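These notes are about the structure you will find just below.
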């Protein structure tokens, strides 16, 4: 019997500093998130970050926490429910980090007599710290606890036309009555070394515009290319004029070079250059979360206003839109009839 496991990032159990610290420890100790030797990661995470960041992060979570709980968890549960109503297969939900573990999600499917699982990582673009870490953890769990399961992972879907259509529709609706001068596509940042580590050719990725625009098999696992290509495809779909939109990267950590331009500095630069009305969309996320609701919608707007900007519009993520749930259901149906490659080509 077939079944589906939806996987998102995760969230602390509450806005309590202890819960946030526990969550951050699991997240930041992942070697595909902070990819340094374990001794250095322990020193950095447990010796420095976890002694200062949990209190600040807890305060940020408190700003965006819903009565029902973590926005990311609540939205993911709503999406799961809508998809389940559209398909006949069991659909479970799990998180890479936190108490809604991948092991529990797989066990939920096994308890329903599932032996063939489609894992859908809720990230449009591939990255070491998102899709790859989920796939690696799933493989570990399969070997240790679920050897009876056949597991298939949905590839990155950033260029799938159905996804681009839904994303474009959400942006169009979000900006329907908005008068804006510039639309910023903000993606979650990653260290530049992650891009080079993911380069299967070991030579193509140079972190410049040329490499991302030059055809290569490296693009299959290049987060930067996939982000830029997402922007390009949406811009074409919405017929955006050159110069009225751009791409940036948010949420950098530490002092190593991360993908640029940085979102916060881009917002500041645009305000200082005279832009009074800007809009922003976050296509690396399918669910609104701390990075969209607090970092962008609150901190980003504050930066823009401080440098003279007037109107700052944030387009919501796809969340649990009916058309998005419908696209996901169609991909699941295609997999059910062994047509997955066609479904996500």
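In the set 96, 78, only one residue is in contact with a strand residue (DSSP E or B) (Cβ under 7 Å, 6 or more places away or on another chain), touching a residue at least 60 places away in the same chain (Cβ under 8 Å) and either closer than 20 Å to residue 252 by Cα or not assigned by TED's automatic domain parsing to the domain that holds residue 287 (or both); that residue is 96.
Every listed requirement among (1) touching a helix residue (DSSP H, G or I) at 6+ places or on another chain (Cβ under 8 Å); (2) surrounded by 20 or more Cβ atoms within 10 Å (Cβ to Cβ); (3) closer than 17 Å to residue 2 by Cα is met by residue 98 save one, (3).
Being closer than 30 Å to residue 258 by Cβ and more than 21 Å from the chain's Cα centre (by Cα) narrows it down to one residue among 144, 140; which is it? None of the other options fit; the residue is 140.
Considering only residues that are in a loop (DSSP other than H, G, I, E, B) and either in contact with a strand residue (DSSP E or B) (Cβ under 8 Å, 6 or more places away or on another chain) or crowded, with 19+ Cβ neighbours inside 10 Å (or both), which ones fall in segment 255-268?
Let us first name the residues in segment 255-268 that are in a loop (DSSP other than H, G, I, E, B), namely 255-257, 259-261.
Passing the criteria: 256, 257, 259, 260, 261.
Within the span defined as segment 69-86, every residue fails to be more than 30 Å from residue 229 (Cα to Cα), buried (at least 18 other Cβ atoms within 10 Å of the Cβ) and touching a helix residue (DSSP H, G or I) at 6+ places or on another chain (Cβ under 6 Å). Considering the conditions (1) more than 23 Å from the chain's Cα centre (by Cα); (2) in a helix (DSSP H, G or I), residue 130 is excluded by exactly one of them, (1). Taken as a whole, the condition of being part of a loop (DSSP other than H, G, I, E, B) and under 23 Å from residue 297 (Cβ atoms) does not apply to residue 99.
The values are calculated or read from the model by the stated rules, or taken from the named source; none is laboratory data. Predicted model, so just to flag it, every value in this text is computed and none were measured. Here the Cβ is made from the backbone with ideal geometry for all residues, glycine too, and neighbour counts use every protein chain on show.
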